[in-house]
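The values are calculated or read from the model by the stated rules, or taken from the named source; none is laboratory data. Just so it is clear, the model here is predicted, and its values are computed rather than measured. Methodologically, a virtual Cβ is constructed for each residue, glycine included, from the backbone with ideal geometry; neighbour enumeration extends over all protein chains shown. SASA here: full protein model, heavy atoms, side chains in, ligands and nucleic acids out. Shrake-Rupley method; radii C 1.70, N 1.55, O 1.52, S 1.80 Å.
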Amino acid sequence: MTDARFEDGREAPLNLGALEAEDLVVLSSLAQDAIFPITEMRWQVKQHRFAVLLNRFRWEDKSAAQARGRAFERVQSMLVVDNVLSVSSQGIDRSEKDTILSLMSVTFEPGDDGVGHILLTLAGDGALRLSVEALDVSLKDVTRPYKALSGQAPDHGPDEV
């Protein structure tokens, strides 16, 4: 029996979850350089859920696109954080409805007994800090991939996907 290789995977929408900090590293690398309008963020207080609709660069497809000489792709994905107790932001003006944000990373800062903070670091000086009672994050593709409007891959990418 041989180990599975990334190249052997079928092309299918992502639907991943992170319940541990190590899992979140994978989700963060796949969501890196995702862009989204500021209006696509929602904190559902009663459900203890924060969600954002991302236009995610398909890092997992970059090598195949280059090898086959086809366009790079993006896909709309939902990044959902459950068990959210509070949300704070820095460097984001929610009144500027035309603002487009770019996600650089998603990290977890553990506290005591599973509680902690999820930090969504944005390009520039922006950041969102979600206080959570437990780590529970998902990333799910919700549309078919589409050609990246720029036709280019972001200048930098995750070290490994």
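How about the stretch 21-93: which trypsin sites (Lys or Arg not before Pro) there lie in a loop by DSSP and see at most 12 other Cβ atoms within 10 Å?
46, 70
Where does the chain land at 222 nm, in deg cm²/dmol rounded to the nearest 500, when only DSSP H runs of n ≥ 4 count, each adding -39500 (n - 2.57), divided by all residues?
Result for the chain: -3000 deg cm²/dmol, rounded to the nearest 500.
Under 14 Å from the Cβ of residue 72, count the other residues' Cβ atoms, weight Lys and Arg +1, Asp and Glu -1, and hand me the total.
Net of charged neighbours comes to +2.
Report the net charge of residues surrounding residue 137, where surrounding means a beta-carbon distance below 9 angstrom and charges are Lys +1, Arg +1, Asp -1, Glu -1.
-3
What is the angle, in °, between the Cα long axis of helix 21-31 and the longest principal axis of the Cα atoms in the chain? Nearest 10 is fine, range 0 to 90.
With rounding to tens, the tilt is 60 degrees.
Report, by chain and number, residues whose modeled amide H sits under 5 Å from the one on residue 99, excluding near sequence neighbours (fewer than 5 apart, same chain).
38
Determine one quarter of the surface area of the Cα convex hull of the stretch 28-158, which equals its mean projected area, and express it in nm² to one decimal.
Value for the stretch 28-158: 8.4 nm².
Give me the extension gain from residue 39 to residue 90: residue separation times 0.36 nm, minus the current Cα-Cα distance, reported in nm with one decimal.
16.8 nm
By a straight-distance test (C-alpha under 29 Å), which lysines pair with residue 46 as possible cross-link partners, with residues fewer than eight away in the same chain excluded?
97, 140
Amide H of residue 14 versus every other amide H placed in the peptide plane: which residues, excluding those fewer than 5 positions away on the same chain, fall under 5 Å?
141
First compute the accessible area of the stretch 46-161 with a 1.4 Å probe, then give the percent of it belonging to carbon and sulfur atoms.
For the stretch 46-161, the apolar C and S fraction of the accessible surface comes to 46 percent.
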